[in-house]
Structures are given as C-alpha cells and as structure tokens.
1. Just a yes or no: is a residue in segment B:318-331 crowded, with 19+ Cβ neighbours inside 10 Å and within 28 Å of residue B:452 (Cα to Cα)?
2. Run down B:358, B:365, B:344 and say which single residue is at pLDDT below 95 and out of contact with any His (no Cβ under 9 Å at 6 or more places or on another chain).
3. If the requirement is being touching a residue at least 40 places away in the same chain (Cβ under 8 Å) and in a strand (DSSP E or B), which of these qualifies: B:437, B:432, B:462?
4. Condition first: over 19 Å from the mean Cα position of the chain (by Cα) and surrounded by 24 or more Cβ atoms within 10 Å (Cβ to Cβ). Now tell me which residues in segment B:97-117 satisfy that.
5. Where in segment B:1-105 are there helices (runs of 4 or more DSSP H), lying wholly inside it, with at least 3 residues that are within 19 Å of residue B:216 (Cα to Cα) and in contact with a Leu (Cβ under 8 Å, 6 or more places away or on another chain)?
6. What pairs can you find where one residue is in segment B:399-421 and among the polar types (S, T, N, Q), the other is outside any strand (DSSP E or B) and surrounded by fewer than 22 Cβ atoms within 10 Å (Cβ to Cβ), and their Cβ atoms are less than 6 Å apart, with a gap of 6+ or different chains?
7. Looking at segment B:120-138, is at least one residue within 14 Å of chain A (Cβ to nearest Cβ), touching a Cys at 6+ places or on another chain (Cβ under 9 Å) and assigned to a loop (DSSP other than H, G, I, E, B)?
8. Can you give me the number of residues within segment B:149-186 that are in a loop (DSSP other than H, G, I, E, B) and either surrounded by fewer than 24 Cβ atoms within 10 Å (Cβ to Cβ) or in contact with a Lys or Arg (Cβ under 6 Å, 6 or more places away or on another chain) (or both)?
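The values are calculated or read from the model by the stated rules, or taken from the named source; none is laboratory data. Everything numeric here is computed off the predicted structure, so don't read it as measured data. Using ideal geometry, Cβ is built from the backbone for each residue, glycine included, and neighbour counts are taken over all protein chains shown.
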Amino acid sequence: MISKEEVKHIAKLARLGLSEKEIEKMREELSKILDYIEKLKEVDVSKVEPTSHSIKVENVMRADESLKSKVQNSKLVEMAPDTKDGFVKVKSILGR
Amino acid sequence: MKLTDLTISQAHEGLKKKEFSALELCRAYLDKIKEKNREIFAFLTVNEELALSQAKKIDNSISGGKKISVLTGIPVAIKDNMLVEGVKCTAASKMLEHFIDPYDATVVKKLKDEDCVILGKTNLDEFAMGSSTENSAFGPTRNPHDLTRVPGGTSGGSAAAVAADMAVYALGSDTGGSVRQPASFCGVVGLKPTYGAVSRYGLIAFASSLDQIGPITKTVEDCKTVFDAISGKDELDSTSVESKIRNSKFEIRNLKLGVPKEYFVKGLDPEIEKLVKAAIKKYEEMGAKIEEVSLPHAEYALPAYYIINPSEASANLARYDGIKYGFSVQEGKDLMDVYLKTKGEGFGEEVRRRIMLGTYSLSAGYYEAYYLRAQKVRTLVKNDFDKVFEKVDALLGPVSPVLPFKIGERIADPLSMYLVDVYTVSINLVGLPALSLPCGKVGKLPVGLQIIGKPFEENKILDIGKTFEETWTS
C-alpha cells in the first residue's frame, strides 16, 4: 500500500494540486491499481531487452536549417493567458 | 432509402449521378444531429455554417464539371482530439474548453484535400483516457442501441454518431482499444491501423508509442476507403512510415486463421463467446483453416499497458501548465501556485489518476520495478505475436469481454474499467493493425469480432473482414 507521504511527493513532482480529501482517495485508488500491476513480477524478464517502440523505424534527419513556421508566431503567443510585448509572461520563479 | 442510411460508396454514387446535392446530403445529417444529439450526445461541437458553406462550394464545382473523389461531399465527424483549424478542440477537458485550433491535423488536411464536409467534433473520454466516454468533462455519450448504456470509449462519440446515422463516417483514435471497442459496442466497423501507418500530427498526444488514428464506418469497404485517404508518411510525424502496400489477394481456402486460446477464458461473457465462435465457424465453413494458437504472455499485456500508458501520458500532459494556452489559474504568489492550481482544477479524475500513476512509475526508485519491467514484458508480448504470425495469416477473437454496460456501472471503480480493455491493449503494445466488425447481437446489444493482422497488412484483414460481412449481410 502506497503511503500518504508518497502520494504527496508524487503529486508535487507532477505539479498536481490535490486537497487532503483527494490525496486519501488517490492513495486508495492507486494502491488498488498497483496491487493489480504486481502481477508483472511473476514474469522472468532477466534476459529480456525492453521495447519502447513497436515498429522498427530509422532516425529521421533533415538539414540543419531554420524553417519558416507554418503558423504565425503572434497567433501562438496570443493563446497564452498572460503576455507582454509579444512574449509569454509568467509569475516569479524565485524569491518567495 | 434515406440519405442518412447511406454508406460512403452509396452517397458517392448518388452525388455522381446527381440524385441529390452535397448540400441536401449535408442538411439531412445536420437535421439528424438536431433530432438525436440531445439524447445521445455524440457531438460536442457542430459546425453547421462551415459544413453548409463547404457543401455549397462542392456543389458548385460538381456542376462546373469537376471530377469528384469518393470522399468528396461526404459528411464526416471528427473526434474532438484532432485539430481542425479555426474550430474548438477540447479533448473533452476543462483544460481546453475554449481552445481554438491554430492549424489542421494531417488526417484532417488529407480529408479536406478530398473536399469532405466536416459536420463537427465528437465526444470522448477526457484526453482519450477511459473505456466508456463517461470521463468527458461535458457529460457522457449514450449508446444508440440502448440509451441507458455506454457507447464504449474513448471514441464513443464517433462510434455513436455513425451508429445513429448522424455522420456517414468518423475518425477516432485508438491507444488501447479506443476505436475498436466503441465500434464493437455500437455495432459499426472500426480499424486500428499499424503504428506509423497514419500520421499523428495534430492528434492531441496521449501515449505516443501507442496512439493511432483510425476510421469508424458502416461497412468494411468504407473503412478501406477512409484508411487509404488518411494513411501514408508525413514529414510532420517522424514515426509515420510509407505504407508498404502489400497485395492482399488470397483465396479463402488457403487462409490460415489463428484463434488464441488465452482469449477464451474466465471473464469472457458466454454470450459473446458464442457469437465469436460462430463467426470463427463461418470462416471454417468458407474453407479457411482454423488453428488454435497460444499467446503465453497475454495476461501480462494489460498490467504492462497500465504502466506504459500512464507513464507516457504523464510526460505528454505536462504541457498543460497554465502558461502557454488553455485553462489557467493565475492567482497565487508564484509560478508553482499557477502550476498546482491549473493542473489540480483543470484535469478530471481519470486524467489525474494516470498522471499520478505515470509519475510514480517513472520516479526515482520505481523506474526499474515498474516502467522498465513493463517495457520488457512488452517485448515478450511482441515475441508471442511474432511467433504465431509465422504460422497463421491473421488472428480472430473478441473485442471486448463484456457487453455494453450501464452508465455508472464501472466509473466508481477505475480497475474494473481498465479490465474491459483486456483484448485490445496488446495490439497497441505491439503496434499491429486490428479490425473490429459486428458479428451479431445479444438482445439489442451489438457484439464485435476482432481480426488482428501482421504489421502493414491492413488490406488483408479488411478483405478477411469483408468475406465475413458478405455472409452476414446477405
């Protein structure tokens, strides 16, 4: 069973704001799912390579040249909730 | 025959022979949507004006003598996780409730090149996470065959739209069964193509090594038409590959079809088993050689999937941070507050669960025990399929172990919802193509047959499906 502290730690890593009530509910649900996933421990994988991509593909390269964006930059910047002088604006990161 | 009963090929014939106009065809579907969407809720957005103006334009070019392609003027519904320029794309999430697409997804562009008529955007589980379309932030879609039941998910809106004659065909996306299972639940045809056969550019990323876009149609023939139109290599998706079109010509008496014994075990509804076995029998009667095969790691595909899928999802969904676009909570003293509040309030329960599960599986100390182990099990699942495909041309089995269930029946217990995906997720882990097509009904509830093929053998499984469909409809 996953602990309440672990849930809090994971939520912080994921930048997910959860209330105390939600943390408890999440703990119960995650524990149940992780118990089910324990099943994977039955499999001997000691000599098995991992697969991250199912269909073999080669790396795709292109010339190192800047391409003109198909979408106007200003159109993308305008989608941000807060902008200033054509830049995306964010709240302070340091110095609480 | 009513305009809203037509298949793609029938509607195309009608347009070509000028039996009706593209505008009349479009109006018939918009009327049907007005009549039925209130109770079924397949569409989140209907683009009435855009669709009508598109249809008018097509009529003009037809009367001007322009030659039309088979998809020209045919009304289509698009799952609301694929971008259509200038139209809202919500992914059924509060996070993107007001998001207007700045560009077209490649599949949408390809359909527009054929002069399709886009009716609107269909409902789904939030960010395509779920198996019933109940996880939509805007309310559940209902199964047209029984309004008290789910249409399956996550492309439940697309499947219900086609089943209820609100669109001639639709696009869905399939990460663990999200095209095939709703097609099965709604009694329509759905194809999950080989990984890389269709460009994912402009599909809202969920689990990038598993996601594929596929058609949902009324017939296997239509399914092939749409697949041909949307597939192919795209420079905007580096995992897309040129379809190595393989000649699918075969004689049914030379066909070897495998039946995985692990797919007919406890947990499979006996009524479904009966219908799927009857379908297999039919192939045998037609002359195909049926062989029982074994996929020894079949039972480990689902737990491996529920590590890999949330892991990739947690990475992909990190972008919804309240900074660049979409829902944002700007109150608070610093950037951390913006992140916490935006994600905490913008995402629904299942999305939060997957982000947590994925972050956990990828975090220091757990990566090897969970994520890496799951990727190794994935190799074993792949080896199983490689081995059986040395002996047989395709595999037959059920799509879902259960019939369309009641709305609310599983939603409170996430694990019970995950277990519904037992026959579909392994296909995504391995990247294979698979078709779901109707093989009968239990009462009024449809049941689907799944035909699984070798990589890039979509044409073959479609043709195998067609032979069955012909006996079924005749």
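1. No, the conditions are met nowhere in segment B:318-331.
2. Just a single option satisfies the conditions, and that option is B:365.
3. Working: B:432 fails: in a strand (DSSP E or B); B:462 fails: in a strand (DSSP E or B).
Among B:437, B:432, B:462, only B:437 is touching a residue at least 40 places away in the same chain (Cβ under 8 Å) and in a strand (DSSP E or B).
4. Hits for segment B:97-117 are B:116, B:117.
5. Fully inside segment B:1-105 and qualifying: B:8-16, B:22-40.
6. B:416/B:410
7. No, there is no match, as no residue in segment B:120-138 is within 14 Å of chain A (Cβ to nearest Cβ), touching a Cys at 6+ places or on another chain (Cβ under 9 Å) and assigned to a loop (DSSP other than H, G, I, E, B).
8. 5
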